[in-house]
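The values are calculated or read from the model by the stated rules, or taken from the named source; none is laboratory data. Nothing here was measured: the structure is a model prediction, and the numbers come from that model. Reconstructed Cβ throughout: ideal geometry from the backbone, glycine too, with neighbour counts over all protein chains shown.
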């Protein structure tokens, strides 16, 4: 599903974000990416959806050779991914339903498919009843659930989450993780970068720890491993 | 197919939402485009009309030979024969000074009042109007005729044509500079309007990119918006230009009937189509520039 071979990235200011990373993540895995701020987690995540290109190495995601993609192929590659951000990134002037449908409309999905699929993911995140509300009327946890619904509405095989619970209280974070867990059980690979010790420890999933641009730990049923 | 129509609907809806959201900038863009195109249109109409006049005058391969006032009838007849024997001359017609005055009065139409100031005197000379077989011979015939004894002056369209050419050339150069300047201004303001639109929608654009919308899907609404601004401006320009030209032709036909203006139709329709195409192109070009610079997709 994800294969990185000797991937390195140094920013133009000389800051080394990743150095010689090699890792494989299989289909159906649930993986946490942990590490202190500035360790390279964000760079790692952004490379996966080709927001940032590595300087060297090879990267395969969902069967695409990411570095060999032409600009015209990138959108089609991204359709195989679902991306969730810490700050939700919902459109304030559209309802919950419209926010989710938007992700399908802009890739020109058939109208009937949009209706069906949006209702399906709304049920999955438990927000069917709030479909007509606007993001500002929702709590943080609910907004993140909308963002997750939007990320999975196009049936991606890999969901990438960058600090998905960073702005949420522990109870809400736990609910969000349960949703990711549910998505993962249906066969979707989930990769979440997080600082949330409680969540990581409780989930007992694979944990990859990055420090100073290197992988320092890769445990199959790991714990967060840092003192918060 | 249904899908395509929905996509198109989406583009149209998004385009109008942004036009409304940036009302003031849209208005400014449309006005600037309209002003530039109106001026372009005016120059176009004037230059084309001058060209039309030139060709009208040129097609009249006629030389007027004005005679001195004190000639006897015999001398006049003698001159007529000489002239008719010149190479290239196909017809010689004597115009008596009284006949010439009548003609002139007729041409003035309603404004005969102008002549009352002259009282009983007739300022017009006796003349020969001669036809020549080819336009390029006009000048030679006129020069030769003017050297004959008893001839005061030989005139042909050349002077008028040269005068018209001079005016057209000046208008073309001046107009060209002005139009380039105005087109750049219009382009600049369209670029900025689209930039503001792109900025206002950066969140949506970001999301569209993450979920895998194609670059063209993202670009189209902005491109349409620019084209619509340009087209809207051209419509306003076309409206004012048509009104102005109609008013002008009506006025000219009433008072200066001899001035050969190009008839309104289909001339005005053609000019309008040209302006609308140019307007739409300015809009499309403006948004393309803006998208290239401000929309990193």
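Being modelled with pLDDT under 85 and more than 14 Å from every other protein chain (Cβ to nearest Cβ) is a description that does not apply to residue B:31.
Of the residues B:268, B:295, only one is at pLDDT below 85 and crowded, with 18+ Cβ neighbours inside 10 Å; which?
B:295
Within the set of pairs 6 or more residues apart or between chains, which connect a residue that is outside the structural domain of residue A:24 (by TED's automatic domain parsing) inside the stretch A:203-218 to a residue that is modelled with pLDDT under 90 with Cβ atoms less than 7 Å apart? Listed by first residue and then by second, the contacts come to nothing, as the list is empty. Annotation: residue B:213 fulfils all but one of (1) in a helix (DSSP H, G or I); (2) over 30 Å from the mean Cα position of the chain (by Cα); (3) free of Cβ contacts under 8 Å to residues at least 12 places away in the same chain; the unmet one is (1). Among the residues of this structure, residue A:122 counts as one that is within 20 Å of residue A:183 (Cα to Cα) and not assigned by TED's automatic domain parsing to the domain that holds residue A:17. In contact (Cβ under 8 Å) with a residue 40 or more places away in the chain, more than 14 Å from chain A (Cβ to nearest Cβ), assigned to a helix (DSSP H, G or I) and buried (at least 18 other Cβ atoms within 10 Å of the Cβ): is that true of residue B:38 in this structure? Answer is yes for this residue. The single residue among B:139, B:131, B:153 that is touching a strand residue (DSSP E or B) at 6+ places or on another chain (Cβ under 8 Å), assigned to a helix (DSSP H, G or I) and at pLDDT below 85 turns out to be B:139.
Given the residues B:179, B:189, B:161, B:207, which is the only one that is surrounded by 15 or more Cβ atoms within 10 Å (Cβ to Cβ), over 30 Å from residue B:80 (Cβ atoms) and at pLDDT below 85?
On the way: B:189 fails: at pLDDT below 85; B:161 fails: over 30 Å from residue B:80 (Cβ atoms); B:207 fails: at pLDDT below 85.
Step by step, each of B:179, B:189, B:161, B:207 is checked, and only B:179 is surrounded by 15 or more Cβ atoms within 10 Å (Cβ to Cβ), over 30 Å from residue B:80 (Cβ atoms) and at pLDDT below 85.
Evaluate the following for residue A:84: is it in contact with a strand residue (DSSP E or B) (Cβ under 6 Å, 6 or more places away or on another chain) and either on the phi > 0 side of the Ramachandran plot or within 12 Å of another protein chain (Cβ to nearest Cβ) (or both)? Spelling it out, residue A:84 is indeed in contact with a strand residue (DSSP E or B) (Cβ under 6 Å, 6 or more places away or on another chain) and either on the phi > 0 side of the Ramachandran plot or within 12 Å of another protein chain (Cβ to nearest Cβ) (or both). Considering the stretch A:6-79, the qualifying strands (runs of 3 or more DSSP E), each wholly inside and each with 2 or more residues that are over 17 Å from the mean Cα position of the chain (by Cα) and closer than 27 Å to residue A:201 by Cβ, run over A:16-25.
Checked against (1) in a helix (DSSP H, G or I); (2) more than 9 Å from chain B (Cβ to nearest Cβ); (3) touching a strand residue (DSSP E or B) at 6+ places or on another chain (Cβ under 9 Å), residue A:119 passes all but a single condition, namely (3). Of all residues in the stretch B:3-20, none that is closer than 19 Å to residue B:198 by Cα and within 11 Å of chain A (Cβ to nearest Cβ) has its Cβ atom under 6 Å from the Cβ atom of a residue that is modelled with pLDDT under 80 and not in a helix (DSSP H, G or I), 6 or more apart or on another chain.
Can you tell me which residue is nearest to residue A:159 (Cα to Cα) among those in the stretch A:91-101 that are surrounded by 24 or more Cβ atoms within 10 Å (Cβ to Cβ) and within 11 Å of another protein chain (Cβ to nearest Cβ)? Walk me through it before giving the result.
Initial filter on the stretch A:91-101 (surrounded by 24 or more Cβ atoms within 10 Å (Cβ to Cβ)): A:96, A:99-100.
Then keep just the ones that are within 11 Å of another protein chain (Cβ to nearest Cβ); that gives A:99-100.
Values: A:99: 18, A:100: 15 Å.
Looking at the filtered set, the residue picked out is A:100.
Going through (1) at the interface with chain B (Cβ under 7 Å from one of its Cβ atoms); (2) in contact (Cβ under 8 Å) with a residue 24 or more places away in the chain one by one, residue A:104 falls short only on (1). On the basis of being over 25 Å from residue B:124 (Cα atoms) and surrounded by fewer than 19 Cβ atoms within 10 Å (Cβ to Cβ), does residue B:77 make the cut? When the stated conditions are applied, residue B:77 does not pass them.
As for the stretch B:53-74, it holds no residue that is surrounded by fewer than 16 Cβ atoms within 10 Å (Cβ to Cβ), over 27 Å from the mean Cα position of the chain (by Cα) and within 14 Å of chain A (Cβ to nearest Cβ).
Residues in the stretch B:125-145 that are in contact with a helix residue (DSSP H, G or I) (Cβ under 8 Å, 6 or more places away or on another chain) and surrounded by fewer than 17 Cβ atoms within 10 Å (Cβ to Cβ): how many? Lay out the reasoning, then the answer.
Here is the first cut: in the stretch B:125-145, the ones in contact with a helix residue (DSSP H, G or I) (Cβ under 8 Å, 6 or more places away or on another chain) are B:125-128, B:130, B:132, B:135, B:138-139, B:142, B:145.
Filter once more, so that each one left must be surrounded by fewer than 17 Cβ atoms within 10 Å (Cβ to Cβ): B:135, B:139.
Residues flagged as in contact with a helix residue (DSSP H, G or I) (Cβ under 8 Å, 6 or more places away or on another chain) and surrounded by fewer than 17 Cβ atoms within 10 Å (Cβ to Cβ) within the stretch B:125-145 amount to 2.
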